[in-house]
Every structure is written in structure tokens, then in C-alpha cells.
Amino acid sequence: MGFLVVGATSFGGGVVGHLHSTTVDKHGWLTDGSFVRLLGISQMLPGLNATNMAILIGDHLRGVRGALAAVLGVCLPGAVLMYIAGAIFQIERQRPFVEAGLDGVAAAAVGLIFVTTIQLGRKSLSRIEDLVFIAVTVVCINRLHVSVAWVLLAIGGLAVGWFALIDRRKGRSRS
């Protein structure tokens, strides 16, 4: 039921933020750390991030049945609403209030993504290395125009190696 509510009440890029507040804050199904790990996996997979997240969270909670229920819950309300909105848009697309509404929804979606980024960043970015990997990722994608897939593979691989090295050193120093 939680995923159906998320699917019916999320707009634009705010689905991931709504998934976080529902699964971590409201129901306690996941920890912040689990959510961030699943988010990282979902961003490395092709397809829509929110759909990937729903599948991964559902699978984590209840296996294949949970994944199916989660993806249906998240996607079905939006699919129905998009069908209705598309039909209305075809009829009313020349009206100024329709354009204004679309601009308002776009602004709200950017705001939701920003808030989610801040919330997750506060909880999961605790080392300077985290910020360095983020900065390198942003530069590679936005300035150097490197493919997202290549950046995720390269920077993700470097981050895994770096943090494994740090953990190994911490483990040796404790001995």
C-alpha cells in the first residue's frame, strides 16, 4: 500500500524523495544506509531511477512478489494519470494556464530533487573523500560530457577501491 501512495502522490523527480520518507522515516522498512546503497545500485542500472528503486526496495523487503507489488504501486497511478493528462493536454494545449501549470510542476520537481539531495547528503556524506568523488563525477558529466555509464563505472570503481583500502588499513591498525 505504501508504494501505491507514493506512486499516486509523487510528482516529477520527487518520487525518490517520497520513497525515502515512506520507507525510511514513516515505516522504518529501511535504514538510511540501506536506502543510499539501493539508490546507488538503481542509478547504475538502465531505466527510470524511481522504478529501479521500487523494484530494489520491494525485492529487499519481500523478494520477487515485493518487487512486483512495489513497481505496480509506483507506476500504475502515474500511468493512469499520464493517460488522462495526455488526453486533456491534446484538447487544451493552446491555453496559457496549461503552460503555466507545466512550468509550475517543473519548478516543484526541481525543488523536490534538491531537498532529497540535501537530506541524503547530510546523512551519508561524512568524509572529505565523498565530496571529492561527487565533485569529480559532476565535472566529468557536466563539463567533460563523459557518458553517465562510463563515469559511474569509473568513479564507482575508484570509490569502491579507495574505501576498501581505507577499511583494510583501519582493520590492520586495530590488530
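The values are calculated or read from the model by the stated rules, or taken from the named source; none is laboratory data. Just so we're clear, the structure is a prediction, and the values are computed from it rather than from any experiment. Don't worry about glycine lacking a Cβ; one is built from the backbone with ideal geometry, like all the others, and counts go over all protein chains shown.
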What do you reckon, is GLY156 surrounded by 11 or more Cβ atoms within 10 Å (Cβ to Cβ), closer than 29 Å to THR22 by Cα, of a type in the set (Gly, Ala, Ser) and not assigned by TED's automatic domain parsing to the domain that holds HIS18? yes
Taking interchain pairs and intrachain pairs at least six residues apart, which have beta carbon atoms under 7 angstrom, with the first residue in the stretch 94-107 and in a helix (DSSP H, G or I) and the second exposed (fewer than 12 other Cβ atoms within 10 Å of the Cβ)? VAL98/GLU92
Residues within the stretch 128-150 that are assigned to a loop (DSSP other than H, G, I, E, B) and surrounded by 12 or more Cβ atoms within 10 Å (Cβ to Cβ), tallied: 1
Note: among VAL16, VAL24, just one is hydrophobic (A, V, I, L, M, F, W, C), assigned to a helix (DSSP H, G or I) and in contact (Cβ under 8 Å) with a residue 24 or more places away in the chain, namely VAL16
Of these, ARG143, ARG65, which one is within 23 Å of the chain's Cα centre (by Cα) and under 25 Å from VAL24 (Cβ atoms)? ARG65
Go through the stretch 44-58 and give me each residue that's in contact with a Leu (Cβ under 9 Å, 6 or more places away or on another chain) and either of a type in the set (A, V, I, L, M, F, W, C) or farther than 9 Å from ALA70 by Cβ (or both). MET44, LEU45, ASN49, ALA50, ASN52, MET53, ALA54, ILE55, LEU56, ILE57
Going by the structure shown, is GLY121 in a helix (DSSP H, G or I), at pLDDT below 85 and of a type in the set (Gly, Ala, Ser)? yes
How many residues does the stretch 32-55 hold that are in a helix (DSSP H, G or I) and farther than 19 Å from ALA8 by Cα? 13
